[in-house]
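Working notes, beginning with the structure itself.
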Amino acid sequence: QVQLVESGGGLVQPGGSLRLSCAASGYIFSIYAMAWYRQAPGKQRELVAVISSGGRTNYADFVKGRFFISRDNGKRTVLLQMNSLNPEDTAVYYCNVRIGNIDSWGQGTQVTVSS
């Protein structure tokens, strides 16, 4: 079965950087797009970034130029490099894959941006 495991979250000061990692298993990783979402307290889950099977990327406007998504098909891993973090980026970040019409999610990793 599909399994996604996120890591790399933590507490960082405004202006700092973090790199999130998502390890995937249970399906043919290389042929599916991967995405990162986030959910802040009291808010709906929102799309942050997507990377296609071919490496094409798309970003939400609120992270463009600051966050960068990448994938390593050999390691079955998708990364999210987050720079210039601000308190509004505080959220639980989730890795996602959609296979057919079924979404699979990891358990999430907490990112807190605070001084």
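The values are calculated or read from the model by the stated rules, or taken from the named source; none is laboratory data. Keep in mind that what you see is a predicted model, and the values were worked out from it rather than measured. Cβ: placed from backbone, ideal geometry, glycine included. Neighbour counts: every protein chain shown. Note: areas computed on protein heavy atoms with side chains; ligands, DNA, RNA excluded. Shrake-Rupley method; radii C 1.70, N 1.55, O 1.52, S 1.80 Å.
Semi-axis lengths, largest first, of the ellipsoid equivalent to region 14-57 are 23, 14, 11 Å, with √(5λ) applied to each eigenvalue of the Cα gyration tensor.
For the chain, the carbon plus sulfur part of the accessible surface works out to 48%, probe radius 1.4 Å. With θ taken as phi - 60° and the Karplus curve 6.51 cos²θ - 1.76 cosθ + 1.60 applied, the whole-hertz 3J(HN,Hα) list for region 54-64 is x, x, 6, 10, 9, 10, 5, 4, 6, 10, 4 Hz, x standing for glycine and proline.
Taking other residues whose beta carbon is less than 12 angstrom from the beta carbon of Arg38, and scoring Lys, Arg as +1 and Asp, Glu as -1, yields -2.
Diffusion of region 49-115 by Stokes-Einstein, at 10 °C in a medium of 1.306 mPa s and with Rh set to the Kirkwood radius over alpha-carbon pairs, works out to 120 µm²/s.
If Lys and Arg each add +1 and Asp and Glu each add -1, what is the summed charge of the other residues whose beta carbon sits under 9 Å from the beta carbon of Val111? Please report the intermediate quantities before stating the final value.
On the way: positive: Arg38; negative: Asp89.
Spelling it out: positives minus negatives among the neighbours equals 0.
The HN-Hα couplings worked out from phi for region 40-53 by the Karplus form 6.51 cos²θ - 1.76 cosθ + 1.60 (θ = phi - 60°) are 8, x, x, 10, 6, 5, 10, 6, 9, 7, 9, 10, 6, 4 Hz, whole numbers, x standing for Gly and Pro. Per residue, the chain exposes 54 Å² of accessible surface when a 1.4 Å probe is rolled over the protein heavy atoms with every protein chain present. Between amide H atoms placed 1.01 Å from N, distances below 5 Å from Leu85 occur with Gly15, Gly16, all of them 5 or more places distant or on a separate chain.
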